[in-house]
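The block underneath contains the structure these notes are about, expressed in structure tokens.
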Amino acid sequence: MDNPTREDAFNLLREFTKSESLIKHGLSVEGVMRYFAKKNNEDVEKWGIVGLIHDMDYEMYPEEHCIKVREIMEEREWPEEYIRAVQSHGYGLCVDVKPETLLEKTLYAIDELTGLITATALVRPSKSVMDMKAKSVKKKWKAKQFSAGVDRSIIEKGAEALGVELSDLITDTIMGMREVADAIGLKGNVEEG
């Protein structure tokens, strides 16, 4: 498969992922990756596809997360660039594939961050990312018991690898999630002006 399509990616995600929250996470990361690709004049489709499928082996193979994905994608003849990018987001956790390209570093930086932003949005009165600012996320960041499963050190390492301020990374990730707010259930009850 030379150029996998979004449909190929979504079908692959659905084949291995039944949890709606994991599907929404994939859609969140896809939206943010597309946002960053546009911002950096990169291949929006490729970045989006990698974001969409980045956790496709997590539900069925949690002990082999970022490892099993190689076998699954190679069987389906996905390009090595996509396989490596997906694997690299587990760097230091479950694989030793270091994020090297801008795509890989971005995925590594924003994966955990989308989870923290989602959790922050869900405790807001609006239940939305549409009216959220980085300072709301930074306030929750300090409360270690809030969304305790989110590894904040990975987000910090990702921001550092990208050479961006944490606040800017948070703001851009929120902006990317706004573009898919309906699909991920975070449009909330914000009145549009």
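The values are calculated or read from the model by the stated rules, or taken from the named source; none is laboratory data. Since this is a predicted model, take the numbers as computed values, not measurements. Every residue, glycine as well, gets a Cβ built from its backbone with ideal geometry; the counts of neighbours run over all protein chains shown.
For residues that are within 13 Å of residue 106 (Cα to Cα) and either surrounded by fewer than 17 Cβ atoms within 10 Å (Cβ to Cβ) or not hydrophobic (A, V, I, L, M, F, W, C) (or both), tally how many sit in segment 1-42. First the steps, then the outcome.
Step one: of segment 1-42, the residues within 13 Å of residue 106 (Cα to Cα) are 29-40, 42.
Then keep just the ones that are either surrounded by fewer than 17 Cβ atoms within 10 Å (Cβ to Cβ) or not hydrophobic (A, V, I, L, M, F, W, C) (or both); that gives 30-31, 34-35, 38-40, 42.
Residues flagged as within 13 Å of residue 106 (Cα to Cα) and either surrounded by fewer than 17 Cβ atoms within 10 Å (Cβ to Cβ) or not hydrophobic (A, V, I, L, M, F, W, C) (or both) within segment 1-42 amount to 8.
May I ask you to say which residue of 137, 164 is outside any loop (DSSP other than H, G, I, E, B) and farther than 18 Å from residue 49 by Cα? If you could, list the steps in order and put the result at the bottom.
On the way: 164 fails: outside any loop (DSSP other than H, G, I, E, B).
When all the criteria are applied, what remains is 137.
Determine whether residue 31 is in contact (Cβ under 8 Å) with a residue 24 or more places away in the chain and closer than 19 Å to residue 90 by Cβ.
On the way: in contact (Cβ under 8 Å) with a residue 24 or more places away in the chain: yes; closer than 19 Å to residue 90 by Cβ: no.
No; evaluated as a whole, the condition is false for this residue.
Considering each of 12, 22, 27 in turn, give the residue that is over 26 Å from residue 130 (Cβ atoms), of a type in the set (A, V, I, L, M, F, W, C), at pLDDT 95 or above and in a helix (DSSP H, G or I). Break it down stepwise before answering.
On the way: 22 fails: over 26 Å from residue 130 (Cβ atoms); 27 fails: over 26 Å from residue 130 (Cβ atoms).
Just one listed residue meets the conditions, 12.
Any chance you could count how many residues in segment 139-166 are over 20 Å from residue 123 (Cα atoms) and hydroxyl-bearing (Ser, Thr, Tyr)?
Going through segment 139-166 one residue at a time, the tally reaches 1.
Within the set of pairs 6+ apart or on separate chains, which have a first residue in segment 61-76 that is over 14 Å from residue 97 (Cβ atoms), a second that is aliphatic (A, V, I, L, M) and in a helix (DSSP H, G or I), and C-beta atoms under 8 Å apart?
Matching pairs, first to second residue: 72/12; 74/83; 76/12.
Looking at segment 137-193, which of the residues that are closer than 19 Å to residue 109 by Cβ and polar (S, T, N, Q) is nearest to the chain's Cα centre (by Cα)?
Checked segment 137-193; the qualifying residue nearest to the chain's Cα centre (by Cα) is 173.
In segment 135-184, what residues are of a type in the set (Gly, Ala, Ser), touching a residue at least 24 places away in the same chain (Cβ under 8 Å) and surrounded by fewer than 18 Cβ atoms within 10 Å (Cβ to Cβ)? Spell out how you get there, then give the answer.
First, pick out the residues of segment 135-184 that are of a type in the set (Gly, Ala, Ser): 136, 143, 147-149, 153, 158-159, 161, 163, 167, 176, 181, 183.
Filter once more, so that each one left must be touching a residue at least 24 places away in the same chain (Cβ under 8 Å): 147, 149, 158-159, 161, 167, 176, 181, 183.
Residues satisfying the conditions are 149, 167, 183.
Go through segment 54-99 and count every residue that is part of a loop (DSSP other than H, G, I, E, B), surrounded by 22 or more Cβ atoms within 10 Å (Cβ to Cβ) and more than 15 Å from the chain's Cα centre (by Cα).
Final tally of qualifying residues: 1.
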